[in-house]
């Protein structure tokens, strides 16, 4: 038995348990709650919407920011003129200004400076709130582990917390951080600030992929003392999967799930489908294969939503129907997969960690076309599950890959669907992955 006093966890999230985001953290928390006596959650900010159900031994503390993390006026008002530390950012300012030491594709100077000031002012906003900082230090001083779910934003407090907690404790809590995709790979945004400060303050780094682990070891020195891969997982609301209802009606059903932002390149998928719909020869082959129509259903919102909706309206036809559902509750998306199945899932991102959206699609027997970025290749075993394509692609490349898959024999489609489900069950089941990770956090 673990001493309950020694197994208190402080968890830093972006929004959990508020709003509808961080669904995979919401899946993980119940497993953490089984292992830890108490958990205190500090969300970065509170979005609109009700608080989600959470285990009884999970306490929700004050959000770190009194406004949305994208509120520039809020940062200027709260983060500029205060008594919080200032000179800690001097070295990083010059890195942002001149762009040296950035790993991967480099953003332009003005974008780098904008990102720098957002993070700098965010940190000073939090540090200047004395009542909040007292609450954080108090909770962390009684904790055995501090767990930052993302490798940016809240984890910028780590260097300051180490200094503030040390006088209060005989044994320092362990500082743990997960690293996913855009919070790890600098090339995703073209620049991430305070990398050296963050990595030198973390005791235990938990990348979600082996590619992420190698990236940390290659690019950052000093590295955290412990770096270990713990994969994410997805839940599944059924004990099996069903073939696509659409396919039974001679409709080939394509699904997607991601934010509608430039990084995800959903517009590239739409352009590929437009090319396919204009190709009379391809249409004839698809009809001979037994499909009279293609549908593309995409879940997710973002700043490209209206633009993509208008594009879809101009190209929808008897042969092609594109339906953007916008941001939907997580359960609704999984229920769609459960009730309707799907023939193909497409994700064309420029950067990823290991996408939980692909795990969820595979858990319902949906084969995948995706770009070879981050740790995506770790989702694919030797048996056919779909296609991993080069990240440097255009719409014509995606079109050809979609057509190639559609024209495969029916028994090959069926085998790929079975492969996807079995691959998910063996490697990406949340119950297995999250329970193992929670037990690791207790014992490490």
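The values are calculated or read from the model by the stated rules, or taken from the named source; none is laboratory data. Please read all numbers here as calculations on a predicted model, not as lab measurements. All Cβ positions, glycine included, derive from the backbone under ideal geometry; neighbour counts span all protein chains shown.
Details
- Single condition residue 135 does not satisfy, out of (1) in contact with a helix residue (DSSP H, G or I) (Cβ under 9 Å, 6 or more places away or on another chain); (2) outside any loop (DSSP other than H, G, I, E, B): (1)
- Across the stretch 85-113, the number of residues qualifying as under 25 Å from residue 73 (Cβ atoms), outside any loop (DSSP other than H, G, I, E, B) and touching a helix residue (DSSP H, G or I) at 6+ places or on another chain (Cβ under 9 Å) comes to 10.
- Hits in the stretch 59-71 (condition: at pLDDT below 95 and surrounded by 13 or more Cβ atoms within 10 Å (Cβ to Cβ)): 66, 67, 68, 69, 71
- The stretch 273-302, residues that are farther than 14 Å from residue 252 by Cβ and part of a helix (DSSP H, G or I): 274, 275, 278, 280, 281, 284
- Scanning the stretch 221-232 for residues that are in contact with a helix residue (DSSP H, G or I) (Cβ under 7 Å, 6 or more places away or on another chain) and outside any loop (DSSP other than H, G, I, E, B) yields one hit, 227.
- Residues that are touching a residue at least 40 places away in the same chain (Cβ under 8 Å) and loosely packed, with under 15 Cβ neighbours inside 10 Å within the stretch 84-130 comprise 85, 105, 108, 111, listed in sequence order.
- Some residue of the stretch 140-150 being surrounded by fewer than 14 Cβ atoms within 10 Å (Cβ to Cβ) and in the same structural domain as residue 175 (by TED's automatic domain parsing): no
- Annotation: residue 368 fulfils all but one of (1) within 22 Å of residue 286 (Cα to Cα); (2) modelled with pLDDT under 95; the unmet one is (2).
- Pick from the stretch 289-318, criterion under 28 Å from the mean Cα position of the chain (by Cα) and without any contact (Cβ under 8 Å) to a residue 40 or more places away in the chain, ranking: surrounded by the fewest Cβ atoms within 10 Å (Cβ to Cβ): 310
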